[in-house]
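Accompanying notes for the structure given below.
The values are calculated or read from the model by the stated rules, or taken from the named source; none is laboratory data. Since the structure is predicted, the reported quantities are computational estimates derived from the model, not experimental observations. Because the Cβ atoms are built from the backbone with ideal geometry, glycine has one as well, and the counts that use them run over all protein chains shown. In case anyone asks, the SASA skips ligands and DNA or RNA and just uses the protein heavy atoms, side chains included. Shrake-Rupley method; radii C 1.70, N 1.55, O 1.52, S 1.80 Å.
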Amino acid sequence: MADHGASHPPVLRADLETLVARARALVTAGDRRILGITGAPGAGKSTLCEALATALGADACVVPMDGFHLANEELARLGRQDRKGAQDTFDAGGYAALLRRLRAEKDDTVYAPFFNRALEESIGSAIPVPAGTPLILTEGNYLLLDEGRWRDVRAAVDEVWYLDLPDDVRVDRLIRRHETFGRAHDDAVAWVGAVDQRNAALIEGTRNRADVIVQLD
């Protein structure tokens with residue numbers, strides 16, 4: 001594992017086949033490893049994770065960070081509903097605890113939560129991680145954040161890739177995603193500017209803690 005404080009992680013310009021091979025190299029019979037995919041909102045983390053999982057088949061399972069969104073009712077109580085997706089709108093301690101459990105408990109199925117974008121709520125025990133699955137793929141914005149319980153998340157992951165994407169492409173993806181899930185165009189643009197881009201700036205400041213920076217061909 002690379003030094004978590006490395007100032008200049010290597011940049012890997014690669015196609016999917018190369019990334020699948022790198023992920024497969026983490027698979028060890030009788031052991032369980034955790035590979036994290038991080039990057040700013042809209043960088044393509046979920047898409048890459050799903051592609052890796054499809055290629056690796058029974059050797060991998062995806063457990064997203066987004067399952068640990070705080071419930072909308074709790075966000076309202078805390079006064080944070082207008083910036084859902086910021087680092088303090090997740091249960092970072094719960095996420096870290098699940099990652100530690102996944103590493104330790106390899107003989108029984110473990111269930112993870114799933115974030116339903118249509119409902120804008122998390123659903124508990126929705127993702128089964130079968131016993132014996134050697135590689136867990138986990139993706140999310142704050143895997144490298146060096147504060148609070150997020151440090152425990154980084155400590156629980158064997159390798160973290162920072163997925164890099166040009167800002168114009170990423171922002172366009174975000175706007176279209178928000179529109180897909182019901183926001184009017186102007187509202188989507190406003191949300192991206194006020195919330196997603198603020199989060200992106202924080203996340204981009206963590207990139208030097210990654211093991212590798214990935215730029216997809």
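Please identify every one of the trypsin sites (Lys or Arg not before Pro) in the stretch 43-87 that sits in a loop by DSSP and has no more than 15 other beta carbons within 10 Å of its own beta carbon. For trypsin sites (Lys or Arg not before Pro) across the stretch 43-87 that sit outside H, G, I, E and B with at most 15 neighbouring Cβ atoms in 10 Å, the list reads Arg80, Lys84. Taking the Cα centre of the stretch 11-216 as reference, the dipole from Cβ charges on Lys and Arg (+1) and Asp and Glu (-1) amounts to some 300 debye. Expressed as a whole percent, the accessible surface of the chain that belongs to carbon and sulfur atoms is 49, based on a 1.4 Å probe. For the chain, what is the calculated [θ] at 222 nm in deg cm²/dmol (nearest 500), taking -39500 (n - 2.57) for each run of four or more DSSP H residues and dividing by its residue count? Estimated from H runs of four or more residues: -10000 deg cm²/dmol. When the alpha carbon gyration tensor of the stretch 24-86 is reduced to an equivalent ellipsoid, the three semi-axes, largest first, read 31, 13, 9 Å. Counting only DSSP beta bridges whose two residues both lie in the chain, roughly 25 percent are antiparallel. Result for the chain in a Gaussian network model with C-alpha springs under 10 Å: among Ala29, Ala156, Ala97, the largest mean-square fluctuation is at Ala29. Comparing mean-square fluctuations of Ala21, Ala118, Ala131 from a GNM of the chain with C-alpha springs under 10 Å, the top value falls on Ala118. Gyration tensor over the Cα atoms of the chain: the corresponding equivalent ellipsoid has semi-axes (square roots of 5 times the eigenvalues, largest first) of 26, 21, 17 Å. For the stretch 93-217, the convex hull spanned by the alpha carbon atoms encloses 132 Å³ per residue.
Would you look at the GNM of the chain, springs on alpha carbons closer than 10 Å, and say which of Gly140, Gly30, Gly67 moves the most? So, out of Gly140, Gly30, Gly67, the one fluctuating most is Gly30.
Averaged per residue, the chain has 47 square angstrom of accessible surface, using a 1.4 angstrom probe with ligands and nucleic acids left out.
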